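Please read the structure below before turning to the comments.
The values are calculated or read from the model by the stated rules, or taken from the named source; none is laboratory data. Fair warning: this is a prediction, and the values are worked out from it, not measured in the lab. Neighbour counts run over all protein chains shown; Cβ positions are idealised from the backbone, glycine included. Remember, those area values only see protein heavy atoms, side chains included, never the ligands or the DNA or RNA. Shrake-Rupley method; radii C 1.70, N 1.55, O 1.52, S 1.80 Å.
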Amino acid sequence: MRNLKKYQGVLPAFYACYDDNGEISAARVRELVRYFIAKGVKGIYVNGSSGECIYQSVQDRKTVIEAVMAEAKGKLTVINHVACNNTKDSMELAAHSQALEVDAIAAIPPIYFKLPEAAIATYWNSISSAAPDTDFIIYNIPQLAGVALTNNLYAVMRKNPRVIGVKNSSMAVQDIQMFNLAGGENYIVFNGPDEQYLGGRVMGAKAGIGGTYAVMPELFLQLEKCIEEQNLTTAAKIQYAINDIIYKMVSGKSNMYAVAKEILRINAGINIGSVREPLTALLPEEKYIAEEAAEMINCAVTKYVKEN
Ligand SMILES: CC(=O)N[C@H](C=O)[C@@H](O)[C@H](O)[C@H](O)CO
Ligand SMILES: CC(=O)C(=O)O
């Protein structure tokens, strides 16, 4: 039986950290890692959607994970998403990740061309073969990738001993049940949608990876604690509060990650720049959205974390 304990808990998705010219800043990456260590999260998910991965060059992504590992090694579980939509670059990043001793690599399926499942399996297995001593996590995010992980494809992938589970970002919580039943105890399913962390955990996810945890890690850690203690009434209240905050974050035209980065500036004093085009930066007339969300987070932390 595999020991998957290091993956269990709250794992924020790591944001792209830019300097004032919009280039990756290693120093700002390191600052954000230190913030997560101080917050007490289990680990981080680097270079995923929240890391704006598809807008980063191979070198950008290497710079990010190198800076992450310089701070995080031995302190956080680190999962690096390495898929680049072509096998060659993805394998290069996989090998680079293994050399840096990340805990696991992850990959979305190839997007744009509609490939048969056998080609998707070959893509993932080729990537995994470039990191032969590193755990591999399948990233299922059909609403963005345009391809869904099926039970059949998952069964094929489990023949690869490096595959340890699925980060499931599809919106249906029963998908978590499906992957959990298929893999059993030797595999792990990560909840994707932050809005249903509670639902995902109840349906069998043992952990969560999410794009909004970074702005409110205390709330997700408290939610996780309530779930572990089977205090589901309070857990539901915290989940509702989290969802109000997320709805606020996405209520305008600005990209959600741009809003999140502004919240980090307001609440944590951390400046990691904005988002890379074609994502929409925080519009000046929508700064209030970040300010209101930041305030909502502080109120919820006071109510559910500090007063408990
Ligand atoms: C579609 C998408 O990006 N899903 C992310 C990962 O699963 C989530 O963590 C979202 O960022 C989050 O649920 C906010 O909607
Ligand atoms: C979980 C998430 O948002 C990511 O892939 O970065």
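For every residue, the table says whether it meets (1) more than 14 Å from ligand 1 (Cβ to nearest atom); (2) assigned by TED's automatic domain parsing to the domain that holds K303; (3) under 30 Å from Y154 (Cα atoms); (4) surrounded by fewer than 23 Cβ atoms within 10 Å (Cβ to Cβ).
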position	(1), (2), (3), (4)
P193	no, no, yes, yes
Q196	no, no, yes, yes
G199	no, no, yes, yes
V202	yes, no, yes, yes
F220	no, yes, yes, no
T234	yes, yes, no, yes
K237	yes, yes, no, yes
Y240	yes, yes, no, yes
K261	no, yes, no, no
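Would you mention how many residues in segment 249-259 are crowded, with 19+ Cβ neighbours inside 10 Å and more than 16 Å from ligand 2 (Cβ to nearest atom)?
Final tally of qualifying residues: 2.
Have a look at V166, V147 and point out the one that is at pLDDT below 95, within 16 Å of ligand 1 (Cβ to nearest atom), in the same structural domain as A205 (by TED's automatic domain parsing) and outside any helix (DSSP H, G or I).
When all the criteria are applied, what remains is V147.
Any residue in segment 139-158 that's of a type in the set (S, T, Y) and more than 16 Å from ligand 2 (Cβ to nearest atom): show its pairings with residues that are open to solvent by 50 Å² or more (accessible area, probe 1.4 Å) and part of a helix (DSSP H, G or I) at Cβ separation under 9 Å, as long as the two are six or more apart or on different chains.
Here the result reads T150/E117; Y154/M178, each pair linking segment 139-158 to a residue that is open to solvent by 50 Å² or more (accessible area, probe 1.4 Å) and part of a helix (DSSP H, G or I).
Please go through segment 38-57 and pick out each residue that is open to solvent by 30 Å² or more (accessible area, probe 1.4 Å) and either outside the structural domain of N3 (by TED's automatic domain parsing) or aliphatic (A, V, I, L, M) (or both). Working first, answer last.
Step one: list which residues in segment 38-57 are open to solvent by 30 Å² or more (accessible area, probe 1.4 Å), which gives 38-40, 42, 49, 54-55, 57.
Within segment 38-57, A38, I54 meet the criteria.
Could you tell me which numbered condition E66 fails, if it satisfies all but one of (1) in contact with a Gly (Cβ under 9 Å, 6 or more places away or on another chain); (2) in contact (Cβ under 8 Å) with a residue 40 or more places away in the chain; (3) open to solvent by 60 Å² or more (accessible area, probe 1.4 Å)?
(1)
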